[in-house]
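The values are calculated or read from the model by the stated rules, or taken from the named source; none is laboratory data. Note that the structure is predicted; figures quoted are calculated from it, not measured. Here Cβ is always computed from backbone atoms with ideal geometry, including for glycine, and neighbour counts include all displayed protein chains.
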Amino acid sequence: MKPCMILKIVVSAVILFTLTFSSGAPSVAQDASTAQKPATAQQELASVDYLVGNWSCEHTVGTFSGKYKTTYSKALGGLWLKQIYDFPPEAGKQPAITAEALMGYDERRQAWVRFFGNSLGQYFAMRMTDTGNGWAWKYISFFKRMTPETPEPDATLTKKSDTQYMIDGPSYEKDGTQVTEHHSCHKL
């Protein structure tokens, strides 16, 4: 081999060695430290801070339409989002209804949950999947289901802006007709 060829090989090896092991190249320890860590409840709750405050909502269910107010606040050490509903009475049909819901983030499962109860004695729980601009909700049962669970979400909340969101669903039978709830809410 010619001396200039040996020199080229040695220089190439030195450059390769320097680039591979220089401080500019991340080490295995650096790669591990920058790997994505699971979200914390505090981080997830901070992502929905836009909801905190008072909202005015309009909703339709089949041929019925109405308005209600809802308020979101942080609760229980800031690890839950509390929602309070105030539905006015329906003339001659039902009294005013109040409701409360708690939403939280389960760090272990990396998923949202929601628990709801109202002044009529109704209650439900939901698994919530983050959709990037809101949630897809799936109602869950504490008891044996009468019908099999479907893979589709039962309802979705879609953030339109920091001052507007929409809810579509759930769908169910009311007075012999299949209906779907639609809600449009604006921050006050």
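Observations on the model:
- Residue in region 148-157 that is loosely packed, with under 15 Cβ neighbours inside 10 Å, over 16 Å from T70 (Cβ atoms) and under 15 Å from the mean Cα position of the chain (by Cα) present: no
- Being surrounded by fewer than 17 Cβ atoms within 10 Å (Cβ to Cβ), closer than 23 Å to A75 by Cβ and polar (S, T, N, Q) is true of T129.
- Residues that are closer than 19 Å to T70 by Cβ and of a type in the set (S, T, Y) within region 89-138 comprise T98, S119, Y123, listed in sequence order.
- Selection status of G132, more than 30 Å from T40 (Cα to Cα), free of Cβ contacts under 8 Å to residues at least 60 places away in the same chain and outside any strand (DSSP E or B): no
- Complete set of residues in region 160-180 that are exposed (fewer than 13 other Cβ atoms within 10 Å of the Cβ), assigned to a strand (DSSP E or B) and in contact (Cβ under 8 Å) with a residue 24 or more places away in the chain: T177
Conditions tested, residue by residue: (1) at pLDDT 90 or above; (2) over 30 Å from Q110 (Cβ atoms).
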site	(1), (2)
T20	no, yes
A29	no, no
A41	yes, no
L51	yes, no
Y68	yes, yes
Y72	yes, no
G78	yes, no
A91	no, yes
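- Number of residues in region 141-158 that are under 13 Å from T129 (Cα atoms) and either free of Cβ contacts under 8 Å to residues at least 12 places away in the same chain or in a strand (DSSP E or B) (or both): the value is 6.
- The condition (being surrounded by 15 or more Cβ atoms within 10 Å (Cβ to Cβ) and under 29 Å from P151 (Cβ atoms)) is satisfied by just one residue among A99, A111, A75: A99.
- Residue match in region 50-66 (condition: in a helix (DSSP H, G or I) and either surrounded by 12 or more Cβ atoms within 10 Å (Cβ to Cβ) or of a type in the set (S, T, Y) (or both)): yes
- Within region 80-95, the set of residues being over 17 Å from G134 (Cα atoms) and either of a type in the set (S, T, Y) or touching a strand residue (DSSP E or B) at 6+ places or on another chain (Cβ under 6 Å) (or both) comprises I84, Y85, D86, F87.
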